[in-house]
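The values are calculated or read from the model by the stated rules, or taken from the named source; none is laboratory data. Only a predicted model underlies this, so the values are computations on that prediction, with no experimental measurement involved. With ideal geometry, Cβ positions are generated from the backbone for all residues, glycine too; neighbour counts draw on all protein chains shown. Heads up: the accessible areas ignore ligands, DNA and RNA and are worked out on the full protein's heavy atoms, side chains in. Shrake-Rupley method; radii C 1.70, N 1.55, O 1.52, S 1.80 Å.
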Amino acid sequence: MNDHEEYFRISRNGHVHILNNRIPFRWKEMIIFTTASFIFLILMFGWFVGLFIAILTLICYTLYRFASWIYYTELKIDKKLEI
């Protein structure tokens with residue numbers, strides 16, 4: 001049993017169920033986000049300022065997504081209950 005959702009994953013290893021919130025690292029998402037912010041920033045501030053802020057956005061967003069890919073929470077549920 002491996003269910004892949006957008007922001008969490010449920011898997012089973014024997015009698016242990018594992019739920020984690022590790023967000024996958026997608027390059028397409030980062031390129032689309034940066035391009036959209038670049039276009040918006042050009043309209044607001046001009047070419048040079050828009051390009052500068054878009055590059056900073058790409059760097060910071062990439063670091064944020066990479067950190068969220070590394071640091072995640074994992075919950076293990078053991079179905080085998082012994083009292």
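Taken over segment 40-83, the criterion of being loosely packed, with under 10 Cβ neighbours inside 10 Å and charged (D, E, K, R) is satisfied by LYS79, LYS80, GLU82. Restricting attention to segment 48-83, the residues that are outside any loop (DSSP other than H, G, I, E, B) and in contact (Cβ under 8 Å) with a residue 40 or more places away in the chain total 9.
Among the residues of segment 26-39, none is identified as part of a loop (DSSP other than H, G, I, E, B) and open to solvent by less than 60 Å² (accessible area, probe 1.4 Å).
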